[in-house]
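Before any comments, here is the structure.
The values are calculated or read from the model by the stated rules, or taken from the named source; none is laboratory data. On a predicted model such as this, the values are computed, not experimentally measured, just so you know. No Cβ is skipped: glycine too gets one built from the backbone with ideal geometry, and neighbour counts run over all protein chains shown.
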Amino acid sequence: MLIKDILTIDLSEDIKNVIDLEDISEAAIQSEIENYIVTDGLAKEYSDFVSIFTSNIIETGVWLSGFYGSGKSYFGKLLGYMISNVVVNGTPARERILQRFTGIDDEPLIKNSIAKLNSVNARVVFMDIAKQDTQKGLSYALFRNFLRSLELPENEHGFLLYSLMCEAGYSNVCDLVQDKLGKLWEDARNNRTIYIGTIKDIYTGQSHSEADYVQIMTTIREEIKEFSASKLKDELKAYLKVVSDEKIVFLFDEASEAINQKKFTLLDLEGLSESLSSLGGKVWTIAIAQEKLDDVINNSNINKAQLTKVTDRFKTKIHLEATEVDVIIRSRLLKKKDSAIDSLKEHYKSNSGKIADHSGLTGAGKTESADSFVTYYPFYQNQFGLLQNFLFGRQGYTSTKVAARGMIITTYDILKHEIQNEQVFNVATGWQIAKEAQPQPPVLLVNRYVNADTIFKNEHIDLSGRHLLETIHFLTEAEIATTSLSNIVKSYIKTPEEYHSVQGLVATALETLVEHKVLLVSNGTYRITSDLEQRLLDEMNQYPVQVFKKKQQVIAAFKNSQTVKNLAKVSDNNTNYEFYITSDNDDELTSPALKQLKIKVKSLYSFGDDRSSDVEQIKVQYQNDKDTIWLAPDNTSFKEIDRLLDEIEKIKFLEGKYVNPNSDEGIIVRVFQGERSSKENRLKELVEHSLMQGNSIYLYNSIQLDKNAWQSVLNGVQRQVIQNVFSQRLSAQLPDSIAERIIKETNNNRLHTYFTSYGADFQFYDTQGIFIGDTLRPAEQILFKIRNTFFDGATLEKDFEQPPTGFAYGTVISTVAALMRGGKIMAKYNGSEKFSWRDEGVATIFSSAREFRKAAFKAISKSLSTTQKNKIVGSLQDLECETHIGKKIDWNTNDFDLVNAVRDLAKRFVEKVDDMKRLNKDFNTLFANLEICQLHLKSFNGAVSEVNYIDKAESFIVDSEGYSNSIREVEKAEKFTRNHLDKIRNWKVFADAVADELAKGAQSNTVIAALVNSFDQLYKSEVVKNFKVLQDTAQKIKDAYFNLMQVVVTDMAAKYTQLQTDAEALSKEIKLLPTGLNDDAILKTTRIVQYSALRTSGIVDIDFDVKDRKTRFTYSEILSFIQLFNSYKTDLEIIQSNLIRTAPPIPIPIPGQPATIPISRKTYSAKIPGRKVKVGEYKTWLQHELQKIAGADANDEIEIN
């Protein structure tokens, strides 16, 4: 059975290749409708559009898009037929189209929706805008086609006739011509001479002259030159005024192509749509394009505001997806007869694995279900994805790569011309698809096809060279599946069973075409060469590669090989060693700091014809070299390596010649670069293999290596070299991180823990933190090195990493740090000597390699005896040295630190004395003995150096008792100053104040005077020693002062209590007198009451202060108050004497005489102290009385009792 026998389509007929929107003949319309396949998706698009078209939408712009071959033009043309509903051979187009909707989903609803068009009378103007002349603008191009739809000439004469028709109210030009001239328009319209005369006759027949005709034609021509969207709107408005029930639809194809051709711009289209939308939904614009409107906008140079306007004008957007084309292909072209479906299903069931493998192109998917196989047979489903890309490119737009043919047409042609007569179960091949999709390939490809056929004929290869290249061309242009050998074979054959029988032949054919420069191979994929690529290949092959360049490339390959990198470092006893690897010509493959461990690699170009003889020569010549291993690579793949090196160098030659990446040659060279990478990867594999499969030669022993155990074998040999070269190496190495940590460690008991896991060579400390490592190998080696002079860290590192010791940097720095902590060495750093690990900057020395290398070190030759050290440590601990200087002192402290501690402690206490002097001006008076102590301690403040520290230690031991006494005296003074000095000073102030009070009160007290004098004497001598006596004396002064205060306070209280009582009585008396007469008297009396009240307390309360705690009165102040008592008493009596007891009479004025003021007299009372008194008492009384009447008038009176 043949493939054509299982399909329902009649392959003897042709289907239309391209839809021409301007072909609206009845035959074309009927054929296009009858051959149209309506899918569910297309039906919905038609229904949705009709709903919008029959609504009240304002914006009447429509954008219909779809990739080339998607059926958008077909869809648009039938949409025009559906709207205009022209009669086709007696049947309306809409009725014919709706017959194609039979069987779709929601058929009644969709047909009912489309039936809304029955109420619409529309004129559709069809055109391909890319073919139109738009030199006079897009608007005029539409108007010209509108005139054609009215059967009017598409020029200025048709414009005039259109104007005459609208002015006369005619919708049909035939009626106008018949009524005006009695002629048939059909007879005149196809003959320019006749229709021009006919139009002129109609115009002049309306009372217009010949000159008027000439003028109107000139005017119309000028209007055409400036024809705008606004002008189009006005002209259509005139027509719609006559034909008010009609809608006009401008439907034009290839909009995006016309925009790309600059026939008009998006802004022209926006302006047109804006003008036509203003006609109230009467005029529509439907633009058909390959690109979506958003894509067209993005590719145009318009600003954001203009972009928004364009989008707003075309609110209705219809985009046809590829799925609709797929539905058409499946339902029309590939539809099977019922009898064939079961047969295909059974075939798939029996061969599903083979079919999946045959269809499964890498990158393009595979057929994995019976439904897919039956639906798309005689194709595989993934072939349509490849075909779409082959035709249109990956973006879905028309491609210039191939002839512009749609998916549907190409599929039909493949069925008709290639496979209809094939046996059932054969599948379309890649070359059959390419042949029909591109029936007229470029000349270059044709030449390659012919060349391939010729080569295969000459090489006796039983394949079609054309078909093989067509297959490769198809896969290359489709871009999805790679052009690998497997994909090429699968796409070349018609059945799965052919794969294995054809694969070898195809592989040979491909290699042959590569050799003849018809194909290029890169990373396992093949591509047909261009003429330029062939020229470049010829240039490349003519370039001679010199041998020395190949040798250089072999050395570079050795250097970059993983084998060499793995051998560059090896670990032994947890220590890493680096090997210096070179070629037999001393080309460096590695560059370690130390070059004592060596590996020599023999170059592949150094071997003679007899490999075993070369290996034997190396054994004999280098049998005594303990530091060198020889590696002789396997040279069995030398020829392939040599060829690869040759090809790589030739590609590099082209890269150097064509350096411009944008030139035609540069673009191709970039492809060659990819091939170079592939060759370099292969070279790398071969070089690695040669090294892993070679021979190692050491001390006359040769070992054959293999790829499974080469590294373990060579590492074992490397460890032999290490043992022979580093004969004095340690059992382990220390990390450099330990160095800083042991310097900073504050707990001596933890020092040994840093070295526990590193073996017996590094047990520098016991569990108490005492250094016991003088005889350990690393310590011995370093101490011996620096026994007489300073060596910097860089020198120590460099010298000890050399054979035979091989100390690692970590071992050197950490051992030096342990020696520094143990007091066995001194350091010189930043210009100063460091004798102790506690010295400032020592931790920095061991913080980094940079600082360690800058510092220098020397062994300490002299030390204190155990007895001397015990004496110094004991003395310093008794004095609590750590508390004062912040440094721990014990038997682990090195000699230099101990002497420094003596100096630091003395210095600290000298500073304490200076501090006390600075804070206390009378310090020398109070602490005269400390001056001697300070001078004694200053004798220990001298600088400590490598030269004098032993002498200073011995001097301290001799004078340790005096040193300790001086320290303790300063401590006592410091403690006294802190706890008692302020008290003594307060007592001194109090004693002086008591003496001052006696002087101010003109009093004398021998007891107090003696006590104050005694206190002053004690204060000026040793206050620390005299503190208790000073305290007792101060208390006695206080007691004596209290007694004095108690006497005068009692006297003051008695007097002022009486004065307060008298003043209060007088105040009451005044208040009984007439108001307003004695206001001044009551004010003075109140003041006396208040003054007296403050001095009536008879209780004394004092501390070491001359003022009473409550009243704040001093002794001298109280004496003054007692003396003032009589004065206040006299004031009280005067106030009483001056009281006005009766209000003066109001004077009566006499006419003609001045008013007289009555004179008031005051009466004073006086009481004689007795009948017989002493003269002194009498004088006092008399003075008091005279004071009382000092302000009295001569006429005032005195009552004497």
(message) Looking only at residues that are part of a helix (DSSP H, G or I) and not hydrophobic (A, V, I, L, M, F, W, C) in region 983-1004, which one is surrounded by the most Cβ atoms within 10 Å (Cβ to Cβ)?
(response) GLU997
(message) Give all pairs with beta carbons closer than 7 Å in which a residue from region 16-35 that is over 14 Å from GLN99 (Cα atoms) and assigned to a helix (DSSP H, G or I) meets a residue that is at pLDDT 75 or above and among the hydroxyl-bearing types (Ser, Thr, Tyr); count only pairs at least 6 apart in sequence or on separate chains.
(response) ILE29/TYR81
(request) State yes or no: is ILE58 loosely packed, with under 14 Cβ neighbours inside 10 Å, outside any helix (DSSP H, G or I), outside the structural domain of ARG330 (by TED's automatic domain parsing) and aliphatic (A, V, I, L, M)? (result) yes
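Residues are listed down the side, and each one gets a yes or a no for (1) buried (at least 18 other Cβ atoms within 10 Å of the Cβ); (2) out of contact with any Lys or Arg (no Cβ under 6 Å at 6 or more places or on another chain); (3) among the aliphatic types (A, V, I, L, M):
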position	(1), (2), (3)
GLU655	no, yes, no
PRO661	no, yes, no
LEU683	yes, yes, yes
LEU691	yes, yes, yes
GLN704	no, yes, no
VAL721	yes, yes, yes
PHE726	yes, yes, no
LEU730	yes, yes, yes
ASP736	yes, yes, no
(request) Can you tell me which residue within region 196-212, out of those that are at negative phi and not in a helix (DSSP H, G or I), is surrounded by the most Cβ atoms within 10 Å (Cβ to Cβ)? (result) HIS208
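Condition check ((1) among the aliphatic types (A, V, I, L, M); (2) surrounded by 14 or more Cβ atoms within 10 Å (Cβ to Cβ); (3) touching a helix residue (DSSP H, G or I) at 6+ places or on another chain (Cβ under 6 Å)) across all residues:
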{"site": "LYS494", "(1), (2), (3)": "no, yes, no"}
{"site": "HIS500", "(1), (2), (3)": "no, no, no"}
{"site": "THR512", "(1), (2), (3)": "no, yes, no"}
{"site": "ASN523", "(1), (2), (3)": "no, no, yes"}
{"site": "GLN546", "(1), (2), (3)": "no, no, no"}
{"site": "LYS551", "(1), (2), (3)": "no, yes, yes"}
{"site": "VAL554", "(1), (2), (3)": "yes, yes, yes"}
{"site": "LYS559", "(1), (2), (3)": "no, yes, no"}
(message) Suppose we keep only residues that are part of a helix (DSSP H, G or I) and among the aromatic types (Phe, Trp, Tyr) within region 738-769. Which one would you say is surrounded by the most Cβ atoms within 10 Å (Cβ to Cβ)?
(response) PHE762
(message) Can you tell me which condition SER113 does not meet? The list is (1) assigned to a loop (DSSP other than H, G, I, E, B); (2) in contact with a helix residue (DSSP H, G or I) (Cβ under 7 Å, 6 or more places away or on another chain); (3) not aromatic (Phe, Trp, Tyr), and all the others hold.
(response) (1)
(message) Of everything in region 1021-1052, what is without any contact (Cβ under 8 Å) to a residue 12 or more places away in the chain, of a type in the set (A, V, I, L, M) and within 28 Å of ARG968 (Cβ to Cβ)? Give them in sequence order.
(response) VAL1029
(message) So PHE800 passes all but one of these: (1) in a loop (DSSP other than H, G, I, E, B); (2) modelled with pLDDT of 90 or more. Which condition number does it fail?
(response) (1)
(message) Can you go through LYS834, LYS887, LYS862, LYS828 and tell me which one is more than 50 Å from the chain's Cα centre (by Cα) and either in the same structural domain as TYR577 (by TED's automatic domain parsing) or over 20 Å from ASP766 (Cα atoms) (or both)?
(response) LYS862
(message) Looking at GLY1076 and the list (1) without any contact (Cβ under 8 Å) to a residue 60 or more places away in the chain; (2) out of contact with any Asp or Glu (no Cβ under 9 Å at 6 or more places or on another chain); (3) under 22 Å from LEU1119 (Cβ atoms); (4) part of a loop (DSSP other than H, G, I, E, B), which single condition is not satisfied?
(response) (3)
(request) State the number of residues belonging to region 2-15 that are in a loop (DSSP other than H, G, I, E, B) and either modelled with pLDDT of 80 or more or farther than 13 Å from THR411 by Cα (or both). (result) 7
(request) All but one of (1) exposed (fewer than 15 other Cβ atoms within 10 Å of the Cβ); (2) in a strand (DSSP E or B); (3) among the charged types (D, E, K, R) hold for LYS600, so report the exception by its number. (result) (1)
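One line per residue, one yes/no per condition, for (1) closer than 21 Å to LEU1132 by Cβ; (2) of a type in the set (S, T, N, Q):
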position	(1), (2)
ASN1013	no, yes
GLN1017	no, yes
LYS1028	no, no
THR1033	no, yes
GLN1060	yes, yes
SER1067	yes, yes
ILE1082	yes, no
ILE1088	yes, no
SER1092	yes, yes
(message) For region 519-527, check the following and say yes or no: at least one residue is modelled with pLDDT of 90 or more, more than 44 Å from the chain's Cα centre (by Cα) and at positive phi.
(response) no
(request) Could you tell me whether region 707-729 includes any residue that is assigned by TED's automatic domain parsing to the domain that holds ASN576, part of a loop (DSSP other than H, G, I, E, B), free of Cβ contacts under 8 Å to residues at least 40 places away in the same chain and not polar (S, T, N, Q)? (result) yes
